[in-house]
Every structure is written in structure tokens, then in C-alpha cells.
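Enquirer: One structure, as C-alpha cells, below. Some questions next.
Values in this text are rule-based calculations from the coordinates and carry no lab data. No experiment lies behind these values; they were computed from the predicted model shown. Heads up, the Cβs are rebuilt from the backbone with ideal geometry, glycines too, and the neighbour counts pull from every protein chain shown.
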Amino acid sequence: MCCKIKRCTRYILLAGGIDVRNLPSKYIYTYIYIYSFQRPHHCLPSCLPSSTGRAATTVMATQLVEWTNAEGATVKVPPNVKAALEAKYRGQSNLGEKALCVLGFFNEKAFLKATVRKFCDTAPHDPLNLTAKANVATVLSLKADPSKKWTCGYGTILSTRLLEHALKCEKISDDDKLALCAKMGKSGAAQKWKEGYDDRHKIASSSSPAKKLSAAELEALTPAERNARKRQQSLSERTVQALSAAQIEAIHFALCTFFFICHIPFSVIENWAFVAFVSALSPAYAPKLFKRIALSTNWLGKLYDETQEKIESKLHIAMGKQTVIIDGFKDVRK
């Protein structure tokens, strides 16, 4: 084997005695089987006799090895594909200490994806087209619940998503989850689960019957209901400052301008959702919120008079003739 072949590829197999084309039989025609990790290379060895070298045909092929999957079936694959299948987590190199802690809750199994073949071909694999990136994957299943499985492509194991699956599993004990969260540091999923755990276990540390009942009610709530209660509690715990009469009037004018300029229906001001929004913004202003009748009469008149006074003032100081053109129309779609 020549040095030229050794430099351009890693796995080479020579098979002689294959006659190709209509060439004289006194020559020996040789197929050269070459495989690279990324793409096939066609190479003609310079060590062959000149007559054979001129007549030889170079084709892509590969040295194949056998790999046995978890079910015991044997498949022929390229050597680099077998190396990836047999490596832990398919040889993914960006898995740090935290990721390995999460993966400790999972069983891992190598999986060989089928190659894309012709429609009429029912064979699952074409060994010559197998690559680690396209055909090698990892199947992860929870040790506590093997029925929960996820398939990760080559080099795409994400510990953040796997952490969420582990924390949601009811068959993993809270002690194990606490130990895992302690190792995750500032992970959002770990902190969220820890907060929920602390809220659920207030019932065990509380001596007051009222607090125990509140904790028991919180335990019975769905996650969405618990989050809504937390948001409301955060609003109720803030410091509310009293508003002066001038501040309340300024908010009144800003609110009315919003309704009139944006064409908001007057009924919205009495809608429970809008009232809740105002209460969240300013609990001190919410009791001062007026009704739709006051908005459509008193406050509409006040803003109209104030706007007319501003316009007349601008026109009074304008030079030359003063002309105002108003083009009104009705949108039939509304």
C-alpha cells in the first residue's frame, strides 16, 4: 500500500481480480475501496504497475465492520459509525459536570437511524451512506420510569430539557430532586421546582391551623392557579402610597385622553378586567375610578372645552388667514 493512500484516508481495502470495461485480460483491474469520516475520496495508488494503474477504475466503497444493537441484531456499518455507536453518549464532548448529574437519572441506548433509500428498496440501511451525524442517535429513558423515552440526535443531548423531564417525573423522590437542584445552581427549571416544593411543604412546618389550611389549599391548586395566586400575592405585599387630589385629577385626564383618542368603548371602563388592570397599576387610584356615564358626559365635556380653548389660542396667534378643514367619513367595516 502506498504512502499516498495512507495520507488521504483512514480506512482502505483493496480487492483485486475484478475485470471492468472491455480491456485486455492480461491486465489486472482493481477496485480501491476508500472511506473518510466526512465524505468519500477517490484515490489511485501510485504503487500499482503502470499498465494496471492506467486501466484501473476507482470507486467509492468502505471497509465495513459489524455492530450489534441492543436487540441483538447485527448490522454492518463503517468503522467511525461503530465508534460513535459504542461511545458513551455517542462521544458528545460538551457534557459538563451538571449535565452528567442530570444524565445520571437516565438510561442511554445507541440507535442507528435508517438511511434514505429508493422507494422500491425495503432494506433499512445502506452501509455506504451511513454517517455518524445523520444516522447515529441516542435513546434516553428515565430510570425511575422506563416508559418515558426521548431520542436525541448525534451531539444534540440537551441537559436543560432533560432536567425538566426528571423534575416532572412523579416516580423520582423529592429528596433526589432536591439533591439534583442543589447541583444545578442557577438553573431556571431547578429554581422553579424548588419554589414549588417549598410552598407545598409549608403545611408541615406551620403550627397555625389557618396557615395549614392555606397550605393545603395551595397544594390542591393546579400549577396555573398557584402561579396566579403568587402574582396576586406579590401585588398585595407592595407598599401603596396615597394619592393627592391633584395626582388623581391628572390620572383622570390621562385616562380620558386614552379612551377618546384610541376610540375605546366607554363600557370598557366598568369591565372587570380593566378594573383589575388599574388596581394592579395603582391600588390607591382604583377606588377613584369613575363610571361610563361620567366618562361620556362630564369628562368628555371637560376635554372638549379644553381642546377647543387650545385650538382657539393657536389660531389667534397664527399669521394671515385662518382656515380649518375637517374631512369626515364613516368606515362601513366598523
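Enquirer: Stretched out fully, how many nm does the piece from F277 to K302 gain, at 0.36 nm a residue minus the Cα gap? Intermediate values should be presented prior to the final figure.
Expert: Details: separation 25, 0.36 × 25 = 9.00 nm, distance 2.48 nm.
Residue separation times 0.36 nm, minus the Cα-Cα distance, leaves 6.5 nm.
Enquirer: If R₀ is 35 angstrom, what is the calculated FRET efficiency for the pair A70 and L178, using the beta carbon separation as r and rounding to 0.05?
Expert: Working: r = 33 Å, r/R0 = 0.93.
About 0.60, to the nearest 0.05.
Enquirer: Pulled fully out, how much extra length does the chain show between A318 and K291, if you take 0.36 nm times their separation in residues and subtract their Cα-Cα distance?
Expert: That pair, A318 and K291, stretches by 5.8 nm at full extension.
Enquirer: Using Cβ counts within 10 Å as a stand-in for footprinting exposure, how do M184, M319 rank, fewest first?
Expert: On the way: M184 20, M319 5.
In order of increasing Cβ crowding within 10 Å: M319, M184.
Enquirer: Please give the contour-minus-distance gain from R200 to A254: 0.36 nm per residue of separation, less the Cα-Cα distance, rounded to one decimal in nm. It would help to have the intermediate numbers written out before the result.
Expert: Details: separation 54, 0.36 × 54 = 19.44 nm, distance 4.31 nm.
Full extension from R200 to A254 adds 15.1 nm.
Enquirer: Where does the charge balance sit around L281 when Lys and Arg score +1, Asp and Glu -1, over other residues with C-beta under 13 Å from its C-beta? List each step's numbers first, then the result.
Expert: On the way: positive: R238, K288; negative: none.
Its environment carries a net charge of +2.
Enquirer: Tell me which aspartates and glutamates have Cα within less than 19 Å of K88's Cα, excluding those fewer than 8 residues away on the same chain?
Expert: E66, E71, E97, E108
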